[in-house]
Structures are given as C-alpha cells and as structure tokens.
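Undergrad: Here you go, one structure.
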Amino acid sequence: MIHTESLARTFTVGKERIEAVRGIDLDVAEGELVAFLGPNGAGKSTTLRMLTSLLPPTSGSASVAGIDVLARPAEVRRRIGYIGQKDGAGHNYRVWDELLMQGRFYGMSKADAAESGEELLRTLDLDALRMRKVSSLSGGQKRRLDIALGLIHAPGLLFLDEPSTGMDPQNRANLWEHIMRIREQRVTTIVLTTHYLDEADAMAERVVIIDHGTIIADDTAETLKAKQAGDRLTVVVRPADAAAARTLLGTEGSELSERPDDDGTALSIRVDAASHAMPGVLARLRDAGVDVVAAAARRPTLDDVFLNLTGRSLREGES
Amino acid sequence: MAVLTLPAPARTNVVTDVGHVWWRETLTILRDPFSLIFSLLQPLVFLGLFGPLLSGLAGNGELFGGSSLQWFLPGVVVMITMFGTSMTGSTLQFEIMTGAFERILATPLSRSALMIGRALKELTPLVVQAAIITLVAIPFGFVLYPLHVLVGLLILGVFGVGVGALSYALAIAARKSEWIFWAVQQALLFPLLILSGMMLPLETGPGWMQVVSKFNPLTYIVDAERVLFAGSFGDVTILRGLVAALVTAAIGLWVGIRSIRRATL
Ligand SMILES: Nc1ncnc2c1ncn2[C@@H]1O[C@H](COP(=O)(O)OP(=O)(O)O)[C@@H](O)[C@H]1O
Ligand SMILES: [Mg+2]
C-alpha cells in the first residue's frame, strides 16, 4: 500500500533550516493498522502530508496505493482518505452540506454520496446533528464529523493525524470504538499518528516510533516492549537487607537498578515473564534471610521503549 | 457487518469540479441570505449618491455625448466585480486557519477549479446586482441593450476569475496574518479602480495618470464595458477588453496554482 525511500523534508524559516523529516523508509501492506508514535515536532504530520501529496518532499520518493505521489498526486488523492490534525469541516457550513459536498468532490453521484453519508452519520453517532452548523459542534463531535468526511468515498487507505488529541479519555475510547467499527465495515488500511502511548499500545497492530524525523523503531507493540524494555521485577527491602538482596537479584536477572523507598530500598531487575518469575525469586530471597516488604511485577510500556531508545520519556513532552 | 461496496473512484473533470466548488461556496449565501441583501443595497447607494454628483460635474447630465448614467453604470458594475472578486481570498483565509482548506486540498479536485469555483461564487451575486441597478436606472434615462450587457458580463466574469485567483494566492501568502491580506487588497484595489477611469474620467486628469492607466488592465475592461453598455459591438475596444480579461485570468490562475502547490500551510 505504501512504499517510501529516504523520504525527507526540510523547511526554511527565515535563516533557520528545520529538518522535519530526515529520510524515512517505510513499507505498509494492505490491511495494516499502523501508528506513528512520537513526541510533538517529531515529523509525524509532515510525513503524513507528504504521503497524501499535500506537501512535496525535499528528497526521496513515495508511492501510495501503487502510485507515485510526486508524479501523479491527483490519482493518489482519489484513492485515499485524509483526516488532518485541524478541523476538516468548514465552520460556516452545516454538517450534512459538508458531507454531501465532500462526496461530490470525490466524484460520487448525489445518491451515492447521500447513501454513504447517511451510513456514516449513523455509525458515528452524528444523526441528530445533520442540520447543525459545524461551528456549534463540540470538539468530539467535530472530530467524528472529520472522520466521516475522510470516509465518505470509502477509501481503501485512510490517514488519520492525531485523531483523538484534546479529547477526554471517555471520548477517546468512544472514538476508537467508531474507528474500529468502520474498519470492520469498510475494509481499510489505516495509518495514524499519535503522541498518546496507551493509544498506540492498545489500538495499533504495528507501532512506528518516530523521533527527530527518523524512524527509530518499527514493530508490534508486544515485540518492541519485549525487545527494547522487557518485564521488570521490583522488590522493596529494609536497608539492612539491601546488600544481601542486591547480591541475589544480580543472579536472577539483569539491569539491576535501585532507588530509595519509604520502607527502605526498592531494587528492580529485568527478567522475562516477571509475574511468573516472582514466586521463585521471593522464595529464594526469604531463604537468604531477606525480609521482602513489597513486590511488583511490571510489564513494560511503550514509554519504557522510548526511554530505552532515546534516553527521554515521551510523557515529558505532554502538556 | 456488511461490507459497504461503492463504485470505484469516479473520474472527475474541471467543469464539474468548478460546479462543486461554486456550489459549496454558494451554500454559505443560501443558508444566510441576509448577507446578500446588504450586498445588493451597496451598489444602489453608490449609484444613487455618486450619479447625481457626476451629472452635476458634466453639466446638464451630458458626458461624452451620452447620459451620465450610461457612462457611469458600467463603471459601477466593474467596481462591484472588483470589490467582490478581490475578496475571494478572505473566506479562504478563515478555512486555511481552521483546517477545511487542507481537507479540500486532499480531495482530487482540480487546483484551478478551487480558484475558479470560488471566484464564480463572488460573481454570482454580481449578476443579480447588475440586473437590479440596471432596472432601477432605466426610469432615469438608462437605455438597456441586453445582449451587449450579457457580453459585457461574460468579459467581466473572465476578468473576475483572474482577480479572484490572485486574491486566492494572496490569502495563501498572507495566511499567517489576516491584516496583511486586507492591507494588500486595499492598497491595490483603490489605485487600480481610480487609475482605470472607472469613477471619474481620466481625460481631465494629469498626463502621468493617463500614462499609468495604459498599464492597468482594468482600464481596458472599463472601456470595453462602456462601449458595450452603450450598445455597440463594432469597436476594437471590446477586443482589447477581452484580451485584458483573458490575460488577467491566465496570469491569475498560473500564480494561484503555483502558490497552492508551494503552500506549506
Ligand atoms: N509549514 C511548516 N513550516 C515550517 N516548519 C514546519 C512546518 N511544518 C512543520 N514544521 C516543523 O517541522 C517539525 C516537524 O513538525 P510536524 O511534522 O508537525 O511534527 P509532529 O506532527 O510530529 O508533531 C517541527 O519542528 C515543526 O515546527
Ligand atoms: Mg502533528
């Protein structure tokens, strides 16, 4: 569906050169649900806008839906749906007018556009709002309308830029339910961007981590976590037991770390399948005379992956 | 759940694209017709206040052998065209800011259709405006030549597409700040209008004004409209006006398409 080679884009603002995207090689197959995850300013939107023909690359090439984006941009646009970061629906228009017009823009007949529009209004819970002016909709309603606009022509490939940014958790969950339902109904390959870790983790089948305009990791969330971070087992012991515990844990796993805790010292190691390893480790600690105050097994998050890869936390960037 | 099957991506062409863009823009008028009523009143006020002054200037209402109305009315029609089409970009700026412009750019709509459709929307009320002021003017001695006026409106339409496309390009260039759009639009609009002899005849002005007016495409449009509104076809002035309109449209669309392609938004 998508193939890029060294796709790059530089912006010049005054005398400053901003290398927004620095050479991205990417392949996406039909039917995939891929999330671009990265902090603000990583180059996610710029990449998406190059793939959708909205922005010419500085260098490199991209083909989307089998078509060269630079050579035949209009043919690419015909085959994809794009939901940008800002509001797609015109604020001065009525919901239904915008939906119908969008269908017409894609060359659909009035009847086809109306049929598809009706279906989307129902699927996206917008039925009651059809005569409302877009500027009067709430943020979540606007976002759902944007999604309807991007789907009116039932594209085989859908690009979504930060679909849920600025929504509260409940609205986000709601939106995702809609997106997943649409994916079942209208067979689509989906490429989306997000800076929400949990979203990429829970929803995407494949996570492409982008930082400073390059791809720094690309795999399923599970594999990324297993390879880049791994499970961690943490025990809290009294200061007197710390030395003995340290020695024993050093043989149980790797990447031993420690930090002070209210009850003494928290020691943490990386082990495979931490929750299964825990009973054995606790037993051996007791045998060694260590009094364990508390214990926890933790699955890694994508933030651990990002931290491991870049030395920075993705959460720091969140405002 | 059933898989929704839709026809394969349909072919579109520039003409239907123009129609769709025009209709979307026109919807803003249809859904809020009050704005139209005000824009209809404006040229009437202008005609009603300016016309008598002009008659006074020319003495006994006679100017260049015809009634001052016959001379002045085509000027007003050109003026409202200029006012309308030079504002084409202002609604676009709003849509650039909110994001609707980007969404529409991501559709297969042809780039020239985006500009032509928007310019035509600004021209749509013009036809109604022109009809109203013409009808109002008839009792005051204006003689209507319908076919000539129609040709005149067509030339104006072509010219208006060019002005609209330039306004479109200006909106993209000035997308970061609204006031720049208005500053440039005003700074260009009024000199162009005055230096075309639209409001007052340039024949009585200083020589430099007459020289500058020769480089103003609007001069040729105004002259052509005057000839047409006076009920004449056999005049090379009309041809000059048509050429000026076509050149303006070509340059406008070229500049506009370039700025759409280069826009980084
Ligand atoms: N039109 C533009 N002009 C100048 N700089 C831009 C433009 N668009 C994006 N950038 C810069 O490029 C970098 C990547 O931006 P973007 O792709 O929007 O990041 P993301 O979507 O990951 O937050 C940022 O430093 C941003 O400031
Ligand atoms: Mg972004």
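The values are calculated or read from the model by the stated rules, or taken from the named source; none is laboratory data. It should be emphasised that the depicted structure is a prediction, and the values quoted were computed from it without experimental measurement. Cβ: placed from backbone, ideal geometry, glycine included. Neighbour counts: every protein chain shown. Side chains are part of the model used for accessible areas, which takes the heavy atoms of the whole protein and leaves out ligands, DNA and RNA. Shrake-Rupley method; radii C 1.70, N 1.55, O 1.52, S 1.80 Å.
Undergrad: Quick check on A:Ser135: is it of a type in the set (Gly, Ala, Ser) and within 10 Å of chain B (Cβ to nearest Cβ)?
TA: yes
Table: residues versus (1) away from ligand 2 (no atom under 12 Å from the Cβ); (2) crowded, with 23+ Cβ neighbours inside 10 Å; (3) more than 30 Å from A:Arg186 (Cα to Cα).
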{"site": "A:Ser6", "(1), (2), (3)": "yes, no, yes"}
{"site": "A:Val13", "(1), (2), (3)": "yes, no, yes"}
{"site": "A:Leu26", "(1), (2), (3)": "yes, no, no"}
{"site": "A:Gly31", "(1), (2), (3)": "yes, no, no"}
{"site": "A:Leu37", "(1), (2), (3)": "no, yes, no"}
{"site": "A:Ala42", "(1), (2), (3)": "no, yes, yes"}
{"site": "A:Leu48", "(1), (2), (3)": "no, yes, no"}
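Undergrad: Would you call B:Pro191 in contact (Cβ under 8 Å) with a residue 60 or more places away in the chain and open to solvent by 10 Å² or more (accessible area, probe 1.4 Å)?
TA: Considered against the rule, which asks whether it is in contact (Cβ under 8 Å) with a residue 60 or more places away in the chain and open to solvent by 10 Å² or more (accessible area, probe 1.4 Å), B:Pro191 comes out as no.
Undergrad: Yes or no: A:Ile179 outside any helix (DSSP H, G or I), among the aliphatic types (A, V, I, L, M) and within 17 Å of A:Phe36 (Cβ to Cβ)?
TA: no
Undergrad: Also, quick follow-up: Which of (1) within 16 Å of ligand 1 (Cβ to nearest atom); (2) in contact (Cβ under 8 Å) with a residue 60 or more places away in the chain; (3) not hydrophobic (A, V, I, L, M, F, W, C) is the odd one out, the single condition A:Lys86 does not satisfy?
TA: Result: A:Lys86 passes all but (2).
Undergrad: Same structure again: So if I check each of A:Ala273, A:Ala288, A:Ala294, which one is of a type in the set (A, V, I, L, M), touching a strand residue (DSSP E or B) at 6+ places or on another chain (Cβ under 7 Å) and in contact (Cβ under 8 Å) with a residue 24 or more places away in the chain?
TA: Being of a type in the set (A, V, I, L, M), touching a strand residue (DSSP E or B) at 6+ places or on another chain (Cβ under 7 Å) and in contact (Cβ under 8 Å) with a residue 24 or more places away in the chain holds for just one of A:Ala273, A:Ala288, A:Ala294, which is A:Ala294.
Condition check ((1) under 19 Å from B:Thr16 (Cβ atoms); (2) open to solvent by 10 Å² or more (accessible area, probe 1.4 Å); (3) among the acidic types (Asp, Glu); (4) modelled with pLDDT of 95 or more) across all residues:
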position	(1), (2), (3), (4)
A:Trp96	no, yes, no, yes
A:Leu99	yes, no, no, yes
A:Met108	yes, yes, no, no
A:Ala114	yes, yes, no, yes
A:Glu119	no, yes, yes, no
A:Arg122	no, yes, no, no
A:Leu129	no, yes, no, yes
A:Gly139	no, yes, no, no
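Undergrad: Here's another thing I want to ask about it. Applying the selection to the range A:147-169, what residues are at the interface with chain B (Cβ under 10 Å from one of its Cβ atoms) and over 16 Å from A:Trp96 (Cβ atoms)?
TA: A:Gly150, A:His153, A:Ala154, A:Pro155, A:Gly156, A:Phe159, A:Asp161
Undergrad: Sticking with this one: Looking at (1) out of contact with any Leu (no Cβ under 9 Å at 6 or more places or on another chain); (2) away from ligand 2 (no atom under 16 Å from the Cβ), can you tell me which one A:Ile18 breaks?
TA: Unmet for A:Ile18, out of (1) out of contact with any Leu (no Cβ under 9 Å at 6 or more places or on another chain); (2) away from ligand 2 (no atom under 16 Å from the Cβ): (2).
Undergrad: Next question. Quick one: A:Leu129 ticks every box in (1) in contact with a Pro (Cβ under 8 Å, 6 or more places away or on another chain); (2) free of Cβ contacts under 8 Å to residues at least 40 places away in the same chain; (3) among the aliphatic types (A, V, I, L, M) bar one, so which box is it?
TA: (1)
Undergrad: If a residue has to be more than 22 Å from B:Ala249 (Cβ to Cβ) and open to solvent by 70 Å² or more (accessible area, probe 1.4 Å) to count, how many in the range B:144-158 make the cut? Explain how you work it out, then say what you get.
TA: Looking only at the range B:144-158, we keep the residues that are more than 22 Å from B:Ala249 (Cβ to Cβ), and these are B:144-147.
Next cut, open to solvent by 70 Å² or more (accessible area, probe 1.4 Å) only: B:145-147.
Here the count works out to 3.
Undergrad: Still on this model: Please state which one of B:Thr98, B:Thr88 is surrounded by fewer than 22 Cβ atoms within 10 Å (Cβ to Cβ) and at pLDDT 80 or above. Spell out the reasoning first.
TA: On the way: B:Thr88 fails: surrounded by fewer than 22 Cβ atoms within 10 Å (Cβ to Cβ).
Testing whether each residue is surrounded by fewer than 22 Cβ atoms within 10 Å (Cβ to Cβ) and at pLDDT 80 or above leaves just B:Thr98.
Undergrad: Can you pull out the residues in the range B:93-128 that are over 20 Å from A:Pro56 (Cα atoms), in contact (Cβ under 8 Å) with a residue 40 or more places away in the chain and within 9 Å of chain A (Cβ to nearest Cβ)?
TA: Selection gives B:Met97 alone.
Undergrad: Now, a different point. Quick one: which residue in A:Arg104, A:Arg172, A:Arg144, A:Arg77 is more than 16 Å from ligand 2 (Cβ to nearest atom), at the interface with another protein chain (Cβ under 8 Å from one of its Cβ atoms) and under 25 Å from the mean Cα position of the chain (by Cα)?
TA: A:Arg77
Undergrad: Another question about this same structure. Can you tell me which residue within the range A:15-52, out of those that are more than 9 Å from ligand 1 (Cβ to nearest atom) and part of a loop (DSSP other than H, G, I, E, B), is farthest from A:Ala217 (Cα to Cα)?
TA: Among them, the one singled out is A:Lys15.
Undergrad: Out of all the residues in the range A:186-195, which are farther than 12 Å from A:Val207 by Cα and open to solvent by 10 Å² or more (accessible area, probe 1.4 Å)?
TA: A:Val187
Undergrad: State the number of residues belonging to the range B:214-252 that are without any contact (Cβ under 8 Å) to a residue 40 or more places away in the chain, aliphatic (A, V, I, L, M) and open to solvent by less than 30 Å² (accessible area, probe 1.4 Å).
TA: Residues that pass the stated criteria total 1.
Undergrad: Sticking with this one: Please verify whether the range A:184-199 includes one or more residues that are without any contact (Cβ under 8 Å) to a residue 24 or more places away in the chain and within 14 Å of chain B (Cβ to nearest Cβ).
TA: yes
Undergrad: Can you name the number of the only condition in (1) facing chain B (nearest Cβ under 8 Å); (2) open to solvent by 50 Å² or more (accessible area, probe 1.4 Å) that A:His91 fails?
TA: Here A:His91 clears every test but (2).
Undergrad: If you take the residues of the range A:153-169 that are away from ligand 2 (no atom under 16 Å from the Cβ) and free of Cβ contacts under 8 Å to residues at least 60 places away in the same chain, which of them is surrounded by the most Cβ atoms within 10 Å (Cβ to Cβ)?
TA: A:Ala154
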